[in-house]
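K.L.:
Below: one structure in structure tokens.
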Amino acid sequence: MSPKELLYIEDALGHEKFMQTKCNEEASKLQDAELKSFVEQMATKHQQIYSSLFQLLK
């Protein structure tokens, strides 16, 4: 893997971790159960993407 590709993956990992964190933070503030569930699903999806990207580094 080239250094440029590694930088891209590192950047993408950071974005995915940030989005997961923000989704979890916002979900904890929501009162509407349906909306809260949707945002929690988004957090889970960002975690899955993060894991997939992380696997590229192994």
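The values are calculated or read from the model by the stated rules, or taken from the named source; none is laboratory data. Bear in mind that the values here come from a model prediction, so they are computed numbers and not experimental data. Note: ideal-geometry Cβ built from the backbone for every residue, glycine included; neighbour counts use all protein chains shown.
K.L.:
Could you look through the stretch 44-58, keep only residues that are assigned to a helix (DSSP H, G or I) and either free of Cβ contacts under 8 Å to residues at least 24 places away in the same chain or of a type in the set (Val, Ile, Thr) (or both), and pick out the one that is farthest from Glu16 (Cα to Cα)? Write out each step before concluding.
P.N.:
From the stretch 44-58, those assigned to a helix (DSSP H, G or I) are 44-56; that's our starting set.
With either free of Cβ contacts under 8 Å to residues at least 24 places away in the same chain or of a type in the set (Val, Ile, Thr) (or both) added as a condition, the list becomes 44-45, 48-49, 51-52, 55.
Numbers: Thr44: 11, Lys45: 9, Gln48: 9, Ile49: 7, Ser51: 9, Ser52: 11, Gln55: 14 Å.
That would be Gln55.
K.L.:
Let me ask something else about it. Pairs needed: first member in the stretch 1-15, farther than 15 Å from His46 by Cα; second member anywhere, assigned to a loop (DSSP other than H, G, I, E, B) and of a type in the set (A, V, I, L, M); C-beta distance under 8 Å; at least 6 residues apart or different chains.
P.N.:
Leu6/Leu57
K.L.:
Go through the stretch 1-42 and give me each residue that's hydroxyl-bearing (Ser, Thr, Tyr) and over 15 Å from Leu56 (Cβ atoms). Steps first, answer last, please.
P.N.:
From the stretch 1-42, those hydroxyl-bearing (Ser, Thr, Tyr) are 2, 8, 21, 28, 37; that's our starting set.
Scanning the stretch 1-42 gives Thr21, Ser28, Ser37.
K.L.:
Still on this structure: Does the stretch 9-43 hold any residues that are of a type in the set (Asp, Glu) and outside any helix (DSSP H, G or I), and which are they?
P.N.:
Restricting attention to the stretch 9-43, the residues satisfying the condition of being of a type in the set (Asp, Glu) are 10-11, 16, 25-26, 32, 34, 40.
Once the filter is applied, which keeps residues that are of a type in the set (Asp, Glu) and outside any helix (DSSP H, G or I), the stretch 9-43 yields only Asp32.
K.L.:
Here is a follow-up. Return the residues of the stretch 30-58 that are touching a Lys or Arg at 6+ places or on another chain (Cβ under 7 Å) and within 25 Å of Glu5 (Cα to Cα); say none if nothing qualifies.
P.N.:
Residues of the stretch 30-58 that are touching a Lys or Arg at 6+ places or on another chain (Cβ under 7 Å), as a first pass: 30, 50.
Correct list: Tyr50 only.
K.L.:
In this structure, does Lys29 turn out to be of a type in the set (Lys, Arg), out of contact with any strand residue (DSSP E or B) (no Cβ under 8 Å at 6 or more places or on another chain), surrounded by 11 or more Cβ atoms within 10 Å (Cβ to Cβ) and modelled with pLDDT of 95 or more?
P.N.:
Working: of a type in the set (Lys, Arg): yes; out of contact with any strand residue (DSSP E or B) (no Cβ under 8 Å at 6 or more places or on another chain): yes; surrounded by 11 or more Cβ atoms within 10 Å (Cβ to Cβ): no; modelled with pLDDT of 95 or more: yes.
It is false that Lys29 is of a type in the set (Lys, Arg), out of contact with any strand residue (DSSP E or B) (no Cβ under 8 Å at 6 or more places or on another chain), surrounded by 11 or more Cβ atoms within 10 Å (Cβ to Cβ) and modelled with pLDDT of 95 or more.
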